[in-house]
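Just below is one structure, and these are the notes that go with it.
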Amino acid sequence: MSAMRFSESVTGTILDGVLVVTIDNPPVNAISAHVRQGLVEALDHAAALGMVVGVVITGAGRTFVGGADIKEFGKPPVEPTLPEVIERIESYGKPVVAAANGAALGGGSEIALACHGRVASDKGNFGMPEVKLGIVPGAGGTQRLPRLIGIAAAIDLIGSGRTVKATEAIALGLVDSVESDHLDAALSLVHDLAGEPLRRTGMLEVPVSEPADVDAASKKVLSRARGQTAPAEAVRLVKAAAHVELKQGLADERATFVRLRDSVESAALRHVFFAERLAGKVEKLDNVTPRKIEIVGIVGTGLMGAGIAVAALTSGHRVIGVEQTAEAAKKGRERIAGILDKSVQAGRLAATVRDECLARLAVTADAGELAAADLVIEAVFDDLPVKTELFQRLDGIVRSDAILATNTSYLNPDDIAAATAHPERVVGLHFFSPANIMRLVEVVACKVTAPDVLASVLAFAKKLGKLPVVCGVTEGFIGNRIFSAYRREAEFMVEDGAAPHEIDAALEAYGFPMGIFAVYDMAGLEIAWARRKRQAATRDPKARYVEIADRLCETGRFGRKSGRGWYDYSSGERAADPEVTALIEAVRAAKNIEPRSFTPEEIVERLLKAMADEGAALLAEGIAARSSDIDLVMINGYGFPAHKGGPMFVAETQKDAKP
Ligand code: T1G
């Protein structure tokens, strides 16, 4: 029978007396208004056809339904709403079966839950990631999911937003079966259900959960909420499903969804969602073909180099690690193998994959082996002569079409490129340690980096599952330059009267996992000290300069690793140190500064402003391409709480809010 069209994105065809409805709304079959309208049209059509015994709903492409159309949030609602469509499905007079061909997320899962049966392909996965957008499910998920899988399991899925593969979905009772030919199985299920009383999910009793399981699931979700509102609301709504009528539960859920959807927290998380998809997109590269990168050379297999090696290996690349001696090469291989072993022990990597990675790894003292590499990344000591000499040697080893990437944090990649025979093939790849875990990588476009070189390393970074942010050349690139501005502002406030622990406490209350002085102590004060000494000769004499950190370093207080820094660690815990307080007071006295107190609000406001001002300068200088990139760097590299959106989002939101 020919296909029927119910809307621009919903078609149907009748197979074996069943109307098969296909949602085709690329790229992820989001439930836009025309999807909702098409579904209702299809249901009305099937209801009127006596020869149709039931309906199957499935998705075109590799996604079943990726959720509500987030781009519609904040716009005037268009009928029918998703709850109305869900209600139509659940109360339908004929069996409706979901054939999950791919990801069923958010509203996609809610559509499946409202169906009278669910069949998944082996690519079918289910999730309710709404909390990751600062909201809760808004079309029955918190009330129907516990009716199928119980309160504790529903709290876990909805509170964490995690996705479960088809095998776990069936174990939970979320799907009836997982089939290679999921469509055929769905058609059969419709026939099995036809003429029988339909299992309407909303009418099911919530299975009794062990209170201990519910408590454990709730505690786990709330322990990870870190200041966010949605997870706690999700837990509350799911728990309520056990003792309120469906109608009341749905009303409470919808009101909560609308309230959270309109919150700044959700706007911030949606901003981050779209920012992540914008990152690494460079207009001028749209028609540039990236070079093939399969074999990756990594010079220096210390902590950073080993992390990069693991990221490349677990993404399927062959890796050639290079060290100066056979002994160092042996240690480097052991370090890489150790990281892979830890991932296996943590359950993040299968042992077979670990073995397969090791089979693709060579670590050698013979740099000549880099002749086979498509890309060589240097992760050696951050010293200009060392790096330029290395790149000059590599010029004589690697192929003419090989790319050379420097992982430098603070040196000028243009200086490194200028020292080589082919500067156009040099680019910066600033990974964040540990490079096998941290998603962020700053991709530094040097002055003469060729477009296809930039496109190639962007594609490489994405293949590694990284979050690449393109930046221009400036000291500290985006993240460290903003971090320096943020650190300066914090030290100004310490010199003016704030205590380091007060500043850290204010930042942690705002949502940072650690305050800046604790981070500083963890990273080591000597790194910034060396840089300040290097810059001393060219420092603007009129610019305010705080000497407290220099005084700390001069007394050997380099941070956690030396047992003392801004804090004292001799007890094993981080503690305010009277000696540091005395040192700060002496610096204030020498500058005739009368110390004053600071409120946590003022501390946070000044630090956020310092970050946003430096971000604005980076945009004005063309170092950063877009403000959302800056937010991603601060969130993924420096602990800025994602549910606040990033320093640029905060500044732009406050500017919009000002009358
Ligand atoms: N709405 C609108 N656009 C979306 C979208 C969505 N739900 N999901 C993805 N996109 C866009 C995305 O911006 C990008 O656009 C393109 O699709 C490809 O995305 C009622 C209220 C489905 C796993 O949170 O997790 O349902 O950059 O690069 O890697 O209770 O997209 O091409 O212009 O991520 O293949 C709940 C969000 C919504 C799922 C596919 N659903 N999406 O990953 O592609 S709230 C979600 C994803 C909700 C209900 C509540 C992923 C994906 P562009 P992509 P992908």
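What follows is calculated from the coordinates using simple rules that are stated; it is not laboratory data. Keep in mind that what you see is a predicted model, and the values were worked out from it rather than measured. In this analysis, Cβ positions are derived from the backbone assuming ideal geometry, glycine residues included, and neighbour counts consider all displayed protein chains.
Some notes on this structure:
- Coordinate range of the alpha-carbon atoms in the stretch 228-345 per principal axis, descending: 70, 43, 22 Å.
- For the pair the stretch 453-470 and the stretch 191-247, the centres of their Cα atoms are 40 angstrom apart.
- Counting all C-alpha pairs of the stretch 201-284, share separated by more than 14 Å (%): 73
- Residue 360-residue 514 FRET efficiency (beta carbon distance; Förster radius 22 Å; 0.05 resolution): 0.05
- Compared with the dominant principal axis of the Cα atoms in the chain, helix 211-223 is inclined by about 40°.
- The chain: calculated mean residue ellipticity at 222 nm from DSSP helix runs of at least 4, using -39500 (n - 2.57): -14500 deg cm²/dmol
- The stretch 426-452 and the stretch 545-623: distance between their alpha carbon centers, rounded to Å: 29
- Check: the stretch 479-622 dipole with +1 on Lys, Arg Cβ and -1 on Asp, Glu Cβ, in debye: 660
- When only the Cβ of Lys, Arg, Asp and Glu is charged (+1, +1, -1, -1), the dipole of the chain relative to its Cα centre reaches about 500 debye.
- Summing +1 for each Lys or Arg and -1 for each Asp or Glu among the other residues whose beta-carbon sits under 12 angstrom from that of residue 204 gives +2.
- Put the Cα centre of the stretch 35-54 next to the Cα centre of the stretch 520-540 and the gap is 69 Å.
- Helix 647-657 and the longest principal axis of the C-alpha atoms of the chain enclose an angle of approximately 60°.
- Look at the dipole of the chain built from charges on Cβ: of 157, 396, 248, the Cα furthest out on the positive end belongs to 396.
- Gyration tensor verdict on the stretch 479-622 (Cα atoms; rounded if a/c is under 1.5, prolate if a/b is larger than b/c, oblate otherwise): rounded
- Total formal charge among the other residues, if their Cβ is under 12 angstrom from that of residue 595, Lys/Arg +1 and Asp/Glu -1: -2
- Computed over the stretch 283-471, Cα set: Rg, Dmax in Å: 15.4, 46
- Listed values for the stretch 375-388 are Karplus-derived 3J(HN,Hα) couplings in whole Hz (6.51 cos²θ - 1.76 cosθ + 1.60, θ = phi - 60°), namely 9, 10, 10, 9, 10, 9, 3, 6, 9, 4, x, 4, 6, 5, and x replaces Gly and Pro.
- Cα gyration tensor category, rounded, prolate or oblate, for the stretch 38-111 with a/c compared to 1.5: oblate
- Nearest 10 degrees, 0 to 90: helix 500-510 Cα axis against the chain principal axis: 20
- With neighbours defined as other Cβ atoms within 10 Å of a residue's Cβ, the residues 86, 527 order from fewest to most as 527, 86.
- For the stretch 402-478, the set of chymotrypsin sites (Phe, Trp or Tyr not before Pro) satisfying both a DSSP loop assignment and a count of at most 13 other C-beta atoms within 10 Å is empty.
- Burial ordering of 606, 226, fewest other beta-carbon atoms within 10 Å first: 226, 606
- Full extension of the chain segment joining residue 73 with residue 579 gains 176.8 nm, where the gain is 0.36 nm per residue of separation less the Cα-Cα distance.
- Sparse packing (at most 14 other Cβ atoms within 10 Å of the Cβ) combined with a DSSP loop state is found for the following chymotrypsin sites (Phe, Trp or Tyr not before Pro) in the stretch 58-135: 73.
- Hz values of 3J(HN,Hα) by residue in the stretch 571-587 - Karplus curve (6.51, -1.76, 1.60), Gly and Pro given as x: 8, x, 10, 7, 9, 4, 10, x, 5, 5, 4, 4, 5, 5, 5, 5, 5
- Lysines whose Cα lies under 21 Å from that of residue 463, excluding same-chain neighbours fewer than 8 positions away: 123, 281, 284, 292
- Projected-area mean, the chain, by convex hull of Cα positions, square nanometres: 33.6
- In terms of the mean number of neighbouring beta-carbon atoms within 10 Å, the peptides 145-153, 161-169, 585-593 order highest first as 145-153, 161-169, 585-593.
- Nonlocal amide H pairs with residue 297, under 5 Å, H built at 1.01 Å: 320, 374, 375, 376, 377
- For the chain, DSSP calls about 30 percent of its internal beta bridges antiparallel.
- Dipole of the stretch 4-262 computed with +1 at Lys/Arg Cβ and -1 at Asp/Glu Cβ about the Cα centre; of 13, 142, 55, farthest Cα towards the positive end is 142.
- Using a cut-off of 28 Å between Cα atoms, the listed pairs 75/655; 132/447; 542/655; 132/561; 132/219 include 132/447; 542/655; 132/561 as exceeding that distance.
- Rounded to the nearest Hz, the phi-derived 3J(HN,Hα) couplings of the stretch 355-363 under the Karplus curve 6.51 cos²θ - 1.76 cosθ + 1.60 (θ = phi - 60°) are 5, 5, 5, 5, 5, 9, 10, 10, 10, where x marks glycine and proline.
- Which of 362, 299, 446, positive extreme of dipole for the stretch 283-471 (C-beta unit charges): 362
- Counting neighbouring Cβ atoms within 10 Å and putting the fewest first, the residues 441, 264, 519 line up as 264, 519, 441.
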